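Enquirer: Structure incoming, see below.
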Amino acid sequence: MLLDFGAASDAGLQRPENQDRYLADGTLFAVADGLGGHSGGGTAAAIATEALGRHGRLESLEQLVALVGSANTAIFEAAIDDPRLAGMSTTLCALADIGTAAEPARLAAANVGDSRLYALANGRLGQLTIDHTITENLVRDGVITPAEAAAHADRHTLTRAVGFERRVHVDGWELAAVEGTRFLICSDGLTNEVPDPEMAAILRSVAAPAAAARTLVEHAVRPGRGRDNVTVVVVDVGEGAAPGTRDPDRLVLAAVGAVGA
């Protein structure tokens, strides 16, 4: 299965350094948004993407979830070894080609935190991941509305992060790989600054994935925006996938919640 892709990242206009990291190696794509102070956040995000980068050939969602668990262990143990890094952690959102000779058109996704995975299919942009934040839980429980969540004091407070505890609960999905689908993986530096309709318009109008990634980042760091690091990976599903198009909410074939190592 052919996956065309592009990535871009920027520190933004108000942060002294970029603590986001990404991976895009042709079969595995991920965005990590580091948390934990001046040095810890970037270190945690780097450990996570490096751990995923040693993946070898993935053939199942379970293998991807296990990789996230390995990243969690590596970050947690690094913080024990160096007290200056205590409490460091990271979000991690990943998309992997898990196709085999028998089943070539298969993808897997995994997520912890509030970095996000979107799919543009049939001209419509849909969010596939669920944010692991206090406000998202309140919205799902009917305590507050999405509009109230956008201004809530705890809107950026995570309920899960990779490396914060010895074990991590990972959301995972197996996805249909439909030719013509475009996936977006991004940190909250994009979603907090660029509304979904604006993101969708860019993804629909900019053909090359590398150019689309750069354009999204440029919009996120425009004057009046750019309050955070921003990282974007765009992945296009091409030849070798199933023909036709589907709505984003029909791409999910199976969903699991798994506890990583």
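The values are calculated or read from the model by the stated rules, or taken from the named source; none is laboratory data. Keep in mind that this is a model prediction, so the values were computed, not measured. Backbone-built Cβ (ideal geometry, glycine too); neighbour counts: all protein chains shown. Protein only, heavy atoms only, side chains kept; ligands, DNA and RNA dropped before computing areas. Shrake-Rupley method; radii C 1.70, N 1.55, O 1.52, S 1.80 Å.
Enquirer: Checking Thr181 against (1) open to solvent by less than 40 Å² (accessible area, probe 1.4 Å); (2) in contact with a Gly (Cβ under 7 Å, 6 or more places away or on another chain); (3) not hydrophobic (A, V, I, L, M, F, W, C): exactly one of these is not met. Which one?
Expert: (2)
Enquirer: Report yes if Val233 is open to solvent by less than 10 Å² (accessible area, probe 1.4 Å), within 19 Å of the chain's Cα centre (by Cα) and of a type in the set (A, V, I, L, M, F, W, C), otherwise no.
Expert: Yes.
Enquirer: Could you pull out the residue among Ala200, Ala210, Ala242 that is farther than 16 Å from Asn18 by Cα, open to solvent by less than 20 Å² (accessible area, probe 1.4 Å) and either at pLDDT below 95 or touching a Gly at 6+ places or on another chain (Cβ under 9 Å) (or both)?
Expert: Ala200
Enquirer: Which residues, counting only those in segment 120-137, are open to solvent by 40 Å² or more (accessible area, probe 1.4 Å) and in a strand (DSSP E or B)?
Expert: Arg124, Gln127
Enquirer: So, in segment 16-28, of the ones that are within 20 Å of Gly113 (Cα to Cα) and touching an Asp or Glu at 6+ places or on another chain (Cβ under 9 Å), which residue ends up most open to solvent (accessible area, probe 1.4 Å)?
Expert: For segment 16-28, the residue satisfying everything is Arg21.
Enquirer: Quick one: Gly87 ticks every box in (1) open to solvent by less than 60 Å² (accessible area, probe 1.4 Å); (2) touching a residue at least 40 places away in the same chain (Cβ under 8 Å); (3) at negative phi except a single one, so which number is it?
Expert: (3)
Enquirer: Follow-up question, since we're still on this one. Scan segment 196-212 and give yes if some residue there is hydroxyl-bearing (Ser, Thr, Tyr) and touching a helix residue (DSSP H, G or I) at 6+ places or on another chain (Cβ under 6 Å), otherwise no.
Expert: The answer is no, given that none of the residues of segment 196-212 is hydroxyl-bearing (Ser, Thr, Tyr) and touching a helix residue (DSSP H, G or I) at 6+ places or on another chain (Cβ under 6 Å).
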